[in-house]
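The values are calculated or read from the model by the stated rules, or taken from the named source; none is laboratory data. Note that the structure is a prediction, hence the values are computed from the model and not measured. All Cβ positions, even for glycine, are placed from backbone atoms using ideal geometry, and neighbour counts span all protein chains on display. The accessibility values were calculated without ligands, DNA or RNA, using every heavy atom of the protein model including side chains. Shrake-Rupley method; radii C 1.70, N 1.55, O 1.52, S 1.80 Å.
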Amino acid sequence: LADEGLRPFFRALQSGQHGEAEALFQGSIGPASAESSRLLDDLAKLQIQVAHAINASANARFHAVVVISLVAILAGLLAAVGMTMVALRGIVRPLESAVDAFRQITQGDYTNKLDITLNDEVGKVLQGLETMQNRLGFDLAEAKRQAEATARIKIALDNVCTGVLIVDMDWTIIYANRAVQQLLKQAQSDIRKQLPNFDADKLVGTNIDGFHKNPEHQARLLANLNNTYVAELQIGSRYMMVSANPVVNEAGQRIGSVAEWKDRTFEVAVEKEIQEIIFAAAAGDFGKRLSEEGKTEFFAALARGMNQLLDTASRGLEDVARALRALSSGDLTGHIEADY
């Protein structure tokens, strides 16, 4: 169409050969153009067929890729779910055991069995929990031992005959045994003559400043206390002896003071009674005697012994006086028969 028709046709037109151009149009160009149109139609149809084939192939590959992708995604999801379940079992079970151990620990059970063979993060948590459990169990056992020891000491102090008061570094009473409570309760009426606000029923928790007319002096005395300090107190008709000592912990730190209270009213009365008799005997009067009424044990024995001594001394001196009176009147026949 191009070589035998169109090019010669345009050359003929350019050279003015209109007849030849017309002949070419009628003879070569027409049939060639028709054949070209047919061939172009065939080519178009072929291209369309090829395009359909390529499209079908592409669609087939696309669907295959989609299916493969879906299968891969599903397989991946299944694998992820499986791995997640395995991981959860590996994490949740140890964590559940840890939570159960915590629950048992809060109830005072420190013997829980834990798997501490793992070295991952959860395993380290369990290892730490095992260490904490052992430590708490040891601390609890030690605290229980100390509490029992403290309880034994407290029970012993509660039942001793000597009155015991313990104060902290703020001079607040933190302990008072039954003996001191009873002692101060009996002396309360006499104590209130000097300290109207004193209450023997409310010793623990009160400050000992309320025991003294001059709290500043007492505070200085206790602050500088480094050994035993003994004081004799006269409260009304009662006589008290207080022995105070510092309380020092194992580190050598002063943490309070302890005071032992003793009611010496009865002892002082006996001492005065003995002193009066001794002074009378020294003056030559052997007629006085110690009253044995109300005295027990040592003081009863002391009263009996003193009275026997006075009786013996009195009889002996009376015999000597009788013999001397006889001698003074010239009678040498008198004898002392008693064995002294």
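For segment 234-281, how many residues are of a type in the set (A, V, I, L, M, F, W, C) and open to solvent by 60 Å² or more (accessible area, probe 1.4 Å)? I'd like the intermediate steps shown before the answer.
Of the residues in segment 234-281, the ones of a type in the set (A, V, I, L, M, F, W, C) are 235, 240-242, 244, 247-248, 251, 255, 258-259, 261, 266, 268-270, 274, 277-281.
Applying the additional criterion that residues be open to solvent by 60 Å² or more (accessible area, probe 1.4 Å) yields 248, 251, 255, 266, 278-279.
Final tally of qualifying residues: 6.
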> Name the residues in segment 233-251 that are without any contact (Cβ under 8 Å) to a residue 12 or more places away in the chain and within 25 Å of Arg192 (Cβ to Cβ), would you?
Replying inline: Leu233, Gln234
>> Go through segment 305-340 and report how many residues are more than 21 Å from Arg264 (Cα to Cα) and in a helix (DSSP H, G or I).
In response: 23
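Listed here are the residues, each with its yes/no results for (1) of a type in the set (Gly, Ala, Ser); (2) at pLDDT 80 or above; (3) within 40 Å of the chain's Cα centre (by Cα).
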site: Gln194; (1), (2), (3): no, no, no
site: Asp201; (1), (2), (3): no, yes, yes
site: Gly210; (1), (2), (3): yes, no, yes
site: Glu216; (1), (2), (3): no, no, yes
site: Ala223; (1), (2), (3): yes, no, yes
site: Asn226; (1), (2), (3): no, no, yes
site: Ser237; (1), (2), (3): yes, no, no
site: Met240; (1), (2), (3): no, yes, no
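If I filter segment 119-136 for residues that are outside any helix (DSSP H, G or I) and basic (Lys, Arg), do I get at least one hit?
Within segment 119-136 (the criterion being outside any helix (DSSP H, G or I) and basic (Lys, Arg)), the answer is no, since none of the residues qualifies.
Residue by residue, here is whether (1) open to solvent by less than 90 Å² (accessible area, probe 1.4 Å); (2) within 22 Å of the chain's Cα centre (by Cα); (3) under 28 Å from Lys144 (Cβ atoms) holds:
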| site | (1), (2), (3) |
| --- | --- |
| Ala72 | yes, no, no |
| Pro94 | yes, no, no |
| Lys113 | no, no, yes |
| Glu121 | no, no, no |
| Leu126 | yes, no, yes |
>> Looking only at segment 265-292, count every residue that is in a loop (DSSP other than H, G, I, E, B), in contact (Cβ under 8 Å) with a residue 12 or more places away in the chain and either within 10 Å of Tyr239 (Cβ to Cβ) or not polar (S, T, N, Q) (or both) and tell me the total.
In response: 6
>> Which numbered condition in (1) surrounded by 10 or more Cβ atoms within 10 Å (Cβ to Cβ); (2) at pLDDT 85 or above is the only one that Gln14 fails?
In response: (1)
> Are there any pairs, at least 6 apart or on different chains, whose C-beta atoms fall under 9 Å, with the first in segment 168-180 and under 12 Å from Glu260 (Cα atoms) and open to solvent by less than 10 Å² (accessible area, probe 1.4 Å) and the second among the polar types (S, T, N, Q) and at pLDDT below 90, and if so, which?
Replying inline: Asn177/Asn159; Asn177/Thr162; Val180/Thr162
>> I'm trying to understand the selection: among the residues of segment 181-200, which are over 24 Å from Ile153 (Cβ atoms) and either in contact (Cβ under 8 Å) with a residue 24 or more places away in the chain or open to solvent by 40 Å² or more (accessible area, probe 1.4 Å) (or both)?
In response: Gln186, Ala187, Ser189, Asp190, Ile191, Arg192, Lys193, Gln194, Pro196, Asn197, Asp199
>> Give all pairs with beta carbons closer than 8 Å in which a residue from segment 313-340 that is more than 24 Å from Ala281 (Cβ to Cβ) meets a residue that is in a helix (DSSP H, G or I) and at pLDDT 85 or above; count only pairs at least 6 apart in sequence or on separate chains.
In response: Leu332/Ala326; Thr333/Ala326; Gly334/Arg322; Gly334/Ala323; Gly334/Ala326; Gly334/Leu327; His335/Ala323
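Just to be sure before I move on: is Gly30 in contact with a helix residue (DSSP H, G or I) (Cβ under 7 Å, 6 or more places away or on another chain), open to solvent by less than 60 Å² (accessible area, probe 1.4 Å) and either in a helix (DSSP H, G or I) or of a type in the set (D, E, K, R) (or both) in the structure I sent?
No, not satisfied.
Being closer than 30 Å to Pro246 by Cβ and of a type in the set (A, V, I, L, M, F, W, C) is the requirement here; does Ile155 meet it? Step through it out loud before you land on a result.
Numbers: closer than 30 Å to Pro246 by Cβ: yes; of a type in the set (A, V, I, L, M, F, W, C): yes.
It is true that Ile155 is closer than 30 Å to Pro246 by Cβ and of a type in the set (A, V, I, L, M, F, W, C).
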>> If a residue must be of a type in the set (Lys, Arg) and out of contact with any helix residue (DSSP H, G or I) (no Cβ under 8 Å at 6 or more places or on another chain), how many such residues does segment 263-293 contain?
In response: 2
